[in-house]
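Each remark here refers to the structure printed beneath this line.
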Amino acid sequence: MMLNNEQLQLRAQNFALTNELVIPRRTGRGFWPAFKVDMESLRSFAKRLVKARVACSQPAEDWLLDHMAFIETQAQDVLQKLSRTTLHQLPRLRNTGLPRVYAVCEDYLDHMDGRYDVLSFEKYVLSYQQVSVLKTLECWVLPSAMRVVIIRRLAEAMREVRYRNEVCDR
């Protein structure tokens, strides 16, 4: 369900109140490997589409082919800006062990039906910070964290598209 601006701001404040932080020690083991697996999944599906198109192709397949170079650029940007050292310094949520900024991005997209809007995200983050202030490093990393979350969600959605493609090919 997509929230309006007021509801989204209240959600951000509630989210900030309900998450306990832990002192950063080590990155959750699955953070980078999962991102790399998702990127490889997108790459391999795009390569498959280039090699052999099926008769019942889906609009999402064309979209992926049209945008794969951009997605690659965004992934490379993330890998350059989010070094392991930087990731180790980010505060984490006690319940998941994931960086707080990652969870903030996830929560925002969950309540916007996966739609990203710069202005509403800015309002969401400002509302979050009325309760729990992000560290300077987290603010710097926020755009990269959002890219990671969006790419991971895209890979998840493309798994269904790939499955349909394979069924059609059979």
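The values are calculated or read from the model by the stated rules, or taken from the named source; none is laboratory data. The shown structure was predicted, so the numbers you read here are calculated from the model rather than taken from an experiment. Every residue, glycine among them, receives a Cβ derived from its backbone with ideal geometry; neighbour counts consider all protein chains shown. What goes into the accessible areas is simple: the full protein's heavy atoms, side chains included, and nothing from ligands, DNA or RNA. Shrake-Rupley method; radii C 1.70, N 1.55, O 1.52, S 1.80 Å.
A few points about this structure:
- Hz values of 3J(HN,Hα) by residue in the range 71-86 - Karplus curve (6.51, -1.76, 1.60), Gly and Pro given as x: 4, 4, 4, 5, 5, 5, 4, 4, 5, 6, 7, 9, 5, 4, 4, 4
- Efficiency of FRET between Leu21 and Asp66 - r from beta-carbon atoms, R0 35 angstrom, step 0.05: 0.30
- Listed as lacking a disulfide-compatible partner in the chain: Cys105, Cys139, by the criterion of no other cysteine Cβ under 4.7 Å.
- Counting only protein heavy atoms and a 1.4 Å probe, the range 1-92 has 62 square angstrom of accessible area per residue.
- Amide H contacts for Arg92 (H built 1.01 Å from N in the peptide plane; partners 5 or more residues away or on another chain; cut-off under 5 Å): Val22, Arg100.
- A Förster radius of 25 Å combined with the Cβ-Cβ distance from Met2 to Leu119 puts the calculated FRET efficiency at roughly 0.95.
- In the chain, the calculated helix contribution to ellipticity at 222 nm averages -23500 deg cm²/dmol per residue, counting -39,500 (n - 2.57) for every DSSP H run with n ≥ 4.
- Taking the chain and dividing mean pair separation by its residue count, relative contact order in percent (alpha carbons under 8 Å, at least six apart): 44 percent
- The structure-derived value of Cα Rg over 2.2 N^0.38 Å appears in the list [x] 0.96; [y] 1.01; [z] 1.14 under the label [z].
- Straight-distance crosslink candidates among aspartates and glutamates, where the alpha carbon sits under 14 Å from Lys123 and sequence neighbours closer than 8 are dropped: Glu6, Asp107
- When the residues Asp77, Asp110 are ordered by accessible surface, computed with a 1.4 Å probe over the protein chains alone, the sequence from largest down reads Asp110, Asp77.
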